[in-house]
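To start, the structure itself, in structure tokens.
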Amino acid sequence: MDRCIVLVDAGYLLGAAASLLAGEPSRSRITVDHAALVQGLRDRAESDTERPLLRIYWFDGAPDRVPQPEHRRLRVMPRVTVRLGALTRSDGRWAQKGVDAAMHAELTELARNRACSDVVLVTGDGDLLPGMMAAKEHGVAVHLWAVQAADGDYNQSEDLVAEADERRVLDRAWITKAVRAKELGGICAPSPVPRPEIAAILSAPLPESAPSSAPERTAEEREHATAAPSENGTQERVPTSKGVPTPKDLAALRAPGTQAAQHPASATLRWSSDKGWVDRPGGAAEPPEVASMPTLAQLTTAEQRWADREEDITTVGGDPFEVGQVFARRWMERLGDQAHLQRLSGMYPRVPHRIDGELLRYAARFGLLAHKDDQIDEHDRYAIRAGFWREIDVRTAAEHAPAGE
């Protein structure tokens, strides 16, 4: 058949692009416009092979082979098929399992069935050499594409390079049409516009009330300090005081059966925000009007839920700041009682527990969890909440602006 097929090893393509643009092969150091990347692959393949494209196969790894947000976006694109191998963690490093075998099987099957006349391979792994040789024996022309190496040397198996019928290099100019390096500092926005509110959060000074020069306590003292007697006389673990307690500390101290639960001490929580440190009472539970605020799930119909998923897959990039904005925008648009919005604005920068938990669960859909057992990075949490508050501020400012402005 006079048509071409592209087989992409995403681990190689994006890892090599990260090395080229960010100086290290970690894919977390780059952001990818997958629509632009797929279109670029299609245009380049049809130009090089002079054949129309049949399909792009995207091979990648995922924890437990569960599609990640980028895979869900890719598999709904025209002429794209996603094939997933396992992604496992060993010694603190991620490794793909089964991707090479899946590429080999697909390549040989396509060649055996004469599904195409030309195959483009975007990979550097020498394990695909037998599959490449088998495809050539079935009369298929094999085009091998490489990503420009950061050090100017090969980043592909030399045997693979020697066996290919044609070879091309995707240079920096081509790569940067769809891939860019993230800004240093751990926060990456979808546009190069700086985010001063995030920088303010990350650079905020420590609270003055937090002890910074207290003498180091012995292990025995720490043991006594973190144990409290319960009603049945046993020792109960209680978090060590950190100067300014966190919500988690207070929740543990108010656990049923503890003395602190019977006599809750008043405490002040100090919240970091883009406007500096803000003190809020933390000893008492949230007031009823705050605790009863509706969640986004309660405000969303089945039809809206489907539309939200479609938007998440096709248009939301997954930047933490953008995720917070999207969540806040949907919540405000569906909120019938605007009094809730006024109460929420007065709580800044503390997001009510129910809303905050739902916000972080929503953010987890966008790959902000490196693995199902991991937690969202603290910098990403700040960025998610900063995006949420930015959208709230824009809405409330517009409502209070004089007419005609």
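The values are calculated or read from the model by the stated rules, or taken from the named source; none is laboratory data. The shown structure was predicted, so the numbers you read here are calculated from the model rather than taken from an experiment. Note that we place each Cβ from the backbone using ideal geometry, even for glycine, and neighbour counts take in every protein chain shown.
If I ask for residues that are free of Cβ contacts under 8 Å to residues at least 24 places away in the same chain and not in a helix (DSSP H, G or I), which ones from the stretch 10-41 would you list? The answer is Glu24, Pro25, Ser26. Of all the listed residues (Val316, Val326), the sole one being modelled with pLDDT of 85 or more, touching a Phe, Trp or Tyr at 6+ places or on another chain (Cβ under 9 Å) and of a type in the set (A, V, I, L, M) is Val326. The residues of the stretch 161-179 that are among the basic types (Lys, Arg), touching an Asp or Glu at 6+ places or on another chain (Cβ under 9 Å) and part of a strand (DSSP E or B) amount to a single one, Arg168.
Note on the stretch 3-44: residues that are modelled with pLDDT under 90 and more than 21 Å from the chain's Cα centre (by Cα) amount to 0. Does Met103 meet the test of being in contact with a Phe, Trp or Tyr (Cβ under 6 Å, 6 or more places away or on another chain) and either at pLDDT below 95 or not β-branched (Val, Ile, Thr) (or both)? Yes; evaluated as a whole, the condition is true for this residue. Looking at the stretch 123-138, can you tell me whether even one residue there is in a strand (DSSP E or B) and either polar (S, T, N, Q) or out of contact with any His (no Cβ under 9 Å at 6 or more places or on another chain) (or both)? Checked against the condition, which is being in a strand (DSSP E or B) and either polar (S, T, N, Q) or out of contact with any His (no Cβ under 9 Å at 6 or more places or on another chain) (or both), the stretch 123-138 yields no hits at all. Assess whether Thr108 counts as being touching a Lys or Arg at 6+ places or on another chain (Cβ under 9 Å), within 24 Å of Pro130 (Cα to Cα) and either surrounded by fewer than 18 Cβ atoms within 10 Å (Cβ to Cβ) or touching a residue at least 12 places away in the same chain (Cβ under 8 Å) (or both). No: the conditions fail for Thr108.
Yes/no per residue for (1) in a loop (DSSP other than H, G, I, E, B); (2) buried (at least 17 other Cβ atoms within 10 Å of the Cβ); (3) touching a helix residue (DSSP H, G or I) at 6+ places or on another chain (Cβ under 6 Å):
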{"site": "Met1", "(1), (2), (3)": "yes, no, no"}
{"site": "Val8", "(1), (2), (3)": "no, yes, no"}
{"site": "Asp43", "(1), (2), (3)": "no, no, no"}
{"site": "Trp58", "(1), (2), (3)": "no, yes, yes"}
{"site": "Asp64", "(1), (2), (3)": "no, no, no"}
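With the structure loaded, tell me whether Asp118 is more than 21 Å from Leu14 (Cα to Cα) and crowded, with 17+ Cβ neighbours inside 10 Å or whether it fails that test. Answer is yes for this residue. Scanning the stretch 72-82 for residues that are in a helix (DSSP H, G or I) and buried (at least 20 other Cβ atoms within 10 Å of the Cβ), we see that the one that is modelled with the lowest pLDDT is Arg73. Residues in the stretch 140-158 that are at pLDDT 95 or above and not aliphatic (A, V, I, L, M): 2 in all. Within the stretch 139-160, count every residue that is in a helix (DSSP H, G or I) and of a type in the set (D, E, K, R). Counting residues in the stretch 139-160 that are in a helix (DSSP H, G or I) and of a type in the set (D, E, K, R) gives 2.
Hey, any hits in the stretch 59-81 for a residue that's more than 21 Å from Gly318 (Cα to Cα), touching a residue at least 40 places away in the same chain (Cβ under 8 Å) and touching a His at 6+ places or on another chain (Cβ under 8 Å)? No - not one qualifying residue is present in the stretch 59-81. Within the stretch 301-323, the set of residues being free of Cβ contacts under 8 Å to residues at least 24 places away in the same chain and either assigned to a helix (DSSP H, G or I) or of a type in the set (Lys, Arg) (or both) comprises Ala302, Glu303, Arg305, Trp306, Ala307, Asp308, Arg309, Glu310, Glu311.
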